[in-house]
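Trainee: Just passing along the structure, written as structure tokens.
Each value in this text was obtained by applying a stated rule to the coordinates, not by laboratory testing. On a predicted model such as this, the values are computed, not experimentally measured, just so you know. Here Cβ is always computed from backbone atoms with ideal geometry, including for glycine, and neighbour counts include all displayed protein chains.
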Amino acid sequence: MKGYQFTYSVYRRPFRQPLTTSHGTWAIREGIIIQLTDANSRAELGEIAPIPWFGSESIDRAIEWCQQVGDNITKDKIHLIPDDLPACQFGFGSALTALELPPTSTLAPKFDLSGLLPTGAAAIAQLPVLVQRGYSTFKWKIGVLPIAQEEAIWRQLMMAVPIDAKLRLDANGGLTQTAAERWLEICSSEARIEFIEQPLAPEEIEIAIELAAKYHTPIALDESVATFDRIQAAYARGWRGIYVIKPGIAGFPWRLAKFVTQHQLDVVFSAVMETKVGTAAALRLASDLKVTRSLGFGVEDWFDDDM
Ligand SMILES: O=C(O)CCC(=O)c1ccccc1C(=O)O
Ligand SMILES: [Mg+2]
């Protein structure tokens, strides 16, 4: 069986402003757009957009994988992409899924998006801009500046968050347990805080479970559940709170969909800062899974271009 014709192209896309998290600063998104073409000349795209500091493969390993594929790939070979290449599993998997479905209708379903605010005090000026554009859920990074400074900015931000809107606080694993408890405490009187995301280090799931039981403010795990094996492990360890899922690095879309449905996980979908190609595949999955929480794909003004 000849399978599908395969081509790929590597892209480099600078952020308008680098994305700062407690992991550090990220200036350029590098990824791969792949194309699979079937025997009827139908072509579908897929995107490989790794985040190695989240537990996916590196861009170099993804490029190596694409190089060794050659000009053709079978469905079987796609299903055999190893678990240590989760962004490749998603890219090839979503292109394959698209080829197996009837050609997509052009009417795009309407999604409720969460707008990603710039890190630090710059969020204060950007929040009203996003409110103006119709956003009613926002995400702001914490665990980057000293806590007293962040708390002061947070209080200013809360003055600009509309009463019926929501704010997500994403620590990217950068808080000590003391700081995490401080944030959970100060947020507990604030109904507009949707959740605190990944307060502690990725492996500290048992502590996250304890904190979730102790505080009113919900906790979401992100780095702890970044790849499919970690989602399974967190579930097995007893995590029943919110799962932030970045489909772009969560492996084969069909396997993810099955697990989320089977265990009725409470999920938030989240961007890996991919282009329109990966975004479209992630949103298709969100729509199939009937995800109700705002999708963390409100990131369009993080780039100058319109990819
Ligand atoms: O989830 C969102 O709302 C936006 C995406 C986002 O925050 C993000 C983007 C790239 C890498 C890490 C993260 C993160 O959630 O930690
Ligand atoms: Mg996060």
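Trainee: Tell me the Rg and the Dmax, in Å, that the Cα atoms of the stretch 4-100 produce.
Mentor: Spelled out, the Cα radius of gyration and Dmax of the stretch 4-100 are 14.3, 48 Å.
Trainee: Largest first and in whole Å, give the semi-axes of the stretch 23-77's equivalent ellipsoid, each being the square root of 5 times a Cα gyration tensor eigenvalue.
Mentor: In descending order the semi-axes read 27, 12, 9 Å.
Trainee: If one puts a single equal scatterer on every Cα of the chain and applies the Debye formula without solvent, what log₁₀ I(q)/I(0) results at q = 0.11, 0.16 Å⁻¹?
Mentor: After summing over all Cα pairs, the log10 values are -0.66, -1.35.
Trainee: Could I ask something else about it? Ranked by Cβ crowding within 10 angstrom, fewest neighbours first, how are Met159, Met307, Met273 ordered?
Mentor: Ascending Cβ contact count within 10 Å gives the list Met159, Met307, Met273.
Trainee: Kirkwood Rh and Cα-based Rg: tell me the resulting Rg over Rh for the stretch 66-120, rounded to two decimals.
Mentor: For the stretch 66-120, the value is 1.14.
Trainee: Please compute the contact order of the chain in relative form: average sequence separation of alpha-carbon pairs under 8 Å and at least six residues apart, divided by the residue count, as a percent.
Mentor: It comes to 19 percent, rounded to a whole number.
Trainee: So, one more: Can you pull out the chymotrypsin sites (Phe, Trp or Tyr not before Pro) in the stretch 46-152 whose DSSP state is coil and whose Cβ has at most 15 other Cβ atoms within 10 Å?
Mentor: Filter output for the stretch 46-152: Phe111.
Trainee: Tell me, what is the Rg over Rh of the stretch 149-266, with Rh the Kirkwood radius over Cα pairs?
Mentor: Taking Rh as the inverse mean 1/r over Cα pairs, Rg/Rh reads 0.99.
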